[in-house]
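Encoded as structure tokens, the structure appears first; notes follow it.
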Amino acid sequence: MIKPKFTILGGDLRNVELAYLLKSDDNEVEVYGFDKLDLFINQQEKLHEAIFNADIIIGPLPLSEDNKMLNAPFFTGNIQINDILYLLSRKQVFMAGKINEEFQKKAKDMGLTSIDYFAREEMQALNAIPTAEGAIQVAMENMDITLHSSSVIVLGYGRIGKTLARMLYGIGANVYVAARNYGDLAWIENFKYKPVHFKELEHYLPSIDVIFNTIPHIIFDENLLSKVCKDCIIIDIASAPGGVDVDAAKKLNIKVIGASGLPGKVAPLTAARIIKDTVYNILKEIRNEKIIG
């Protein structure tokens, strides 16, 4: 079977490591959007050539921070995501993480194959591990006390919340987990964490040393922040806009650490392996569909 040609298009250190991993599997790999780095891999100088040469184009996670420009922190210029769309052909497969709905709709209307690898369950489940470890690392680097015996609360009981609560409990922290769903609260209690309904959250905050937020919309407004202990640290893992009114926190002198995108910062190689495996799974499914069809 002929192996596909890959182009890695922008992104952070995860995509750098991904390029090397794909290359180590004897794939033909080019990159574009990394001119600030000296890489031991072929770097294309022109966007259209980078896309034209590939069967599979893999973008960053997230694809874009503003839904206009490609997320490419190691590139000196700007890459418009619409330009990428118009350079793709129907024979190619484009993958990236957290692709916005407008991009997906345009791609579909143009008959292009655009796949959000971050939407895959295997990707999110495994990605929760470096995210949780990174959050704990951030906490330990900013605390004057140990996590062991500290009182911590995790907001949200999704994939990351579950993984983080388990790790914190293993360290020996007093783990509270806040959720709205009564089924989640029952499971939280079942795992011997302390369940907290969001309606009762303000009653627990004065005794909490570290707050880990995983919910990507504002939870901590000025009213709720006023209940937080002054020595408490809030670690906001959620993607934009996050869960904390940062201006209100500054006004109240509460320390908030924005910590989104942790896998790419604390464990880029592990994160790249997860992306690579997910990409391979997607390609296997595409091949199977074509065979069946």
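Structure notes:
- Mean shadow area of the range 123-260, taken as a quarter of the surface of its Cα convex hull (nm²): 7.4 nm²
- Note that the range 1-107 carries a Kirkwood radius of 13.7 Å, evaluated over its alpha carbons pair by pair.
- Residues of type lysines that Lys162 reaches as a straight line, Cα spacing below 27 Å, ignoring anything fewer than 8 places off in the same chain: Lys98, Lys192, Lys194, Lys199, Lys227, Lys230, Lys255, Lys265, Lys276
- Positive dipole terminus of the chain, leading residue within Asn190, Val244, Gly258 (C-beta point charges): Asn190
- Mean ellipticity per residue at 222 nm, deg cm²/dmol - from DSSP H runs of n ≥ 4 across the chain, formula -39500 (n - 2.57): -12500 deg cm²/dmol
- When the chain is described by a simple charge dipole with +1 on each Lys and Arg Cβ and -1 on each Asp and Glu Cβ, the residue from Leu85, Ile56, Pro268 located farthest towards its positive end is Ile56.
- Cβ-based charge dipole, the chain, positive-most Cα from Ile286, Asn42, Tyr204: Ile286
- Per DSSP, loop trypsin sites (Lys or Arg not before Pro) in the range 63-164 with at most 14 further Cβ within 10 Å: Lys68, Arg90, Lys91
- Angle of helix 268-292 to the longest C-alpha principal axis of the chain, folded into 0 to 90 degrees and rounded to 10: 50°.
- Most mobile of Thr146, Thr163, Thr278 in a GNM of the chain (Cα contacts under 10 Å): Thr146
- Applying both filters, DSSP loop and at most 12 other Cβ atoms within 10 Å, to the chymotrypsin sites (Phe, Trp or Tyr not before Pro) of the range 1-46 gives Phe40.
- Aspartates and glutamates whose Cα lies under 19 Å from that of Lys284, excluding same-chain neighbours fewer than 8 positions away: Asp25, Asp26, Glu28, Asp55, Asp116, Glu121, Glu122
- Put a plus charge on the Cβ of each Lys and Arg, a minus charge on the Cβ of each Asp and Glu, and nothing anywhere else: the dipole of the chain about its Cα centre is then about 520 debye.
- Alpha carbon centroid spacing (whole Å) that separates the range 58-101 from the range 1-36: 15 Å
- Antiparallel DSSP beta bridges within the chain, percent to nearest 5: 5 percent
- Diffusion of the chain by Stokes-Einstein, at 37 °C in a medium of 0.692 mPa s and with Rh set to the Kirkwood radius over alpha-carbon pairs, works out to 159 µm²/s.
- Among Pro206, Pro130, Pro62, residue whose mean-square fluctuation peaks in a GNM of the chain (springs only between Cα atoms under 10 Å): Pro206
- Look at the alpha carbon pairs under 8 Å that are at least 6 residues apart: their mean separation over the length of the chain gives a relative contact order of 15 percent.
- Residue among Leu155, Leu21, Leu87 with the largest mean-square fluctuation in a Gaussian network model of the chain, springs linking Cα atoms under 10 Å: Leu87
- Reported to the nearest whole Å, the Cα centre-to-centre distance from the range 244-293 to the range 145-224 is 21.
- Overall, the range 123-260 carries a charge dipole of about 260 debye about its Cα centre when +1 sits on the Cβ of Lys and Arg and -1 on the Cβ of Asp and Glu, all other atoms neutral.
Each value in this text was obtained by applying a stated rule to the coordinates, not by laboratory testing. As the structure is a computational prediction, the values presented were derived from the model and not from experiment. Heads up, the Cβs are rebuilt from the backbone with ideal geometry, glycines too, and the neighbour counts pull from every protein chain shown.
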